[in-house]
1. If you take the residues of the range A:33-68 that are more than 14 Å from chain B (Cβ to nearest Cβ) and assigned to a loop (DSSP other than H, G, I, E, B), which of them is nearest to the chain's Cα centre (by Cα)?
2. For residue B:54, indicate whether it is without any contact (Cβ under 8 Å) to a residue 40 or more places away in the chain and either on the phi > 0 side of the Ramachandran plot or over 13 Å from the mean Cα position of the chain (by Cα) (or both).
3. So is residue B:21 within 14 Å of chain A (Cβ to nearest Cβ) and more than 18 Å from the chain's Cα centre (by Cα) or not?
4. Taking the condition of being over 14 Å from the mean Cα position of the chain (by Cα) and under 23 Å from residue B:5 (Cβ atoms), how many residues in the range B:31-51 meet it?
5. Kindly indicate whether any position in the range A:74-89 is surrounded by 15 or more Cβ atoms within 10 Å (Cβ to Cβ), closer than 28 Å to residue B:7 by Cα, touching a residue at least 60 places away in the same chain (Cβ under 8 Å) and more than 14 Å from chain B (Cβ to nearest Cβ).
6. For the structure I just gave you, tell me whether residue B:10 is surrounded by 13 or more Cβ atoms within 10 Å (Cβ to Cβ) and within 14 Å of chain A (Cβ to nearest Cβ).
7. Which one of these does residue A:71 not meet: (1) in contact with a helix residue (DSSP H, G or I) (Cβ under 7 Å, 6 or more places away or on another chain); (2) surrounded by 18 or more Cβ atoms within 10 Å (Cβ to Cβ); (3) not in a loop (DSSP other than H, G, I, E, B)?
């Protein structure tokens, strides 16, 4: 019986559940003060919802020389985009590598709308991303079902373990090993990517997970990768794998 | 940018104390920050917010540079008649934004 349980656990376990046990995983939400939690929980108080509303307007707006709106192909986002953000980054067969949701939106613009790509961290890209991500609110993260993603998850994991910068710190040193402690008075979270794009009070705006990761990389005094760099997508992919089955919160609020 | 997010109960009983919430998008640039080149970023803030209930002003606030981006107001009033709440934000560079919400007294 005991052996059967162990075998079942081995086959069900996600690729890297080793560092933080699934029962120990906590969203950044759990580390927040009651006021900030209340802000996220109330859709009329969560400033991220302003981006979601803008995204909804953009979704229906015709773009590019093809004169097509997202809605012309995808219809009602509440149905067609449900659960989509929970599966990103996803493998793109044409490119032969994983793409982030931001990149998917811009690929769609190029291929189907014949429109200019939206700049990373631009208002419109964040708004569209937030609108799509909001359709997965409360759903479990389900990244990584595609076996072709495996080598890229591996690369992301290596990057997570890789010491870098003048402080010579790896992601794992804080977010796996010391997450219950504090850094300069603020809780060190587990770095679970459940709520992106997120309205961050420090930024006073919505930002992507890449912005957040670049912030961390700058924090250890390393040179951050450019927005959309394969390394950032792989790191995001690994983080999403690490947070598999946790509930999506986008647009979240973070301090 | 989305104009505003307003929360007013659709229905209330006469005499109920109701909560009104108003969130609007605005960068609230303080006017104290400088660019990398050292130039001052000009101030661009909302300077006043007001809420009228069937034409009668029930809430007003003046805003200053220390207030964060995307200001959020929450306040209470007594629901005494069916009608309309009108919200108005006024700010630098001719900024003006309005919104409204209806309430029915049962």
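1. Step one: of the range A:33-68, the residues more than 14 Å from chain B (Cβ to nearest Cβ) are A:33-34, A:37, A:62-68.
With assigned to a loop (DSSP other than H, G, I, E, B) added as a condition, the list becomes A:33, A:62, A:64-67.
Working: A:33: 22, A:62: 27, A:64: 27, A:65: 30, A:66: 30, A:67: 30 Å.
Checking each candidate, the answer is A:33.
2. On the way: without any contact (Cβ under 8 Å) to a residue 40 or more places away in the chain: yes; either on the phi > 0 side of the Ramachandran plot or over 13 Å from the mean Cα position of the chain (by Cα) (or both): yes.
So residue B:54 fits the description; yes.
3. Working: within 14 Å of chain A (Cβ to nearest Cβ): yes; more than 18 Å from the chain's Cα centre (by Cα): no.
No; evaluated as a whole, the condition is false for this residue.
4. The first filter runs over the range B:31-51 and keeps only residues over 14 Å from the mean Cα position of the chain (by Cα), leaving B:31-44.
Checking which are under 23 Å from residue B:5 (Cβ atoms) leaves us with B:44.
Number of matching residues: 1.
5. For the range A:74-89, residues surrounded by 15 or more Cβ atoms within 10 Å (Cβ to Cβ), closer than 28 Å to residue B:7 by Cα, touching a residue at least 60 places away in the same chain (Cβ under 8 Å) and more than 14 Å from chain B (Cβ to nearest Cβ): present.
6. On the way: surrounded by 13 or more Cβ atoms within 10 Å (Cβ to Cβ): no; within 14 Å of chain A (Cβ to nearest Cβ): yes.
It is false that residue B:10 is surrounded by 13 or more Cβ atoms within 10 Å (Cβ to Cβ) and within 14 Å of chain A (Cβ to nearest Cβ).
7. It is condition (2) that residue A:71 fails.
So that you can scan it fast, the table gives a plain yes or no per residue for (1) surrounded by 13 or more Cβ atoms within 10 Å (Cβ to Cβ); (2) touching a residue at least 24 places away in the same chain (Cβ under 8 Å); (3) more than 25 Å from residue A:105 (Cα to Cα):
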{"site": "A:25", "(1), (2), (3)": "yes, yes, yes"}
{"site": "A:30", "(1), (2), (3)": "no, no, yes"}
{"site": "A:49", "(1), (2), (3)": "yes, yes, no"}
{"site": "A:52", "(1), (2), (3)": "yes, yes, no"}
{"site": "A:59", "(1), (2), (3)": "yes, yes, no"}
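The values are calculated or read from the model by the stated rules, or taken from the named source; none is laboratory data. Everything quoted here is computed from the prediction, not taken from an experiment. As a convention, Cβ positions derive from the backbone with ideal geometry for all residues, glycine included, and neighbour counts pool all protein chains shown.
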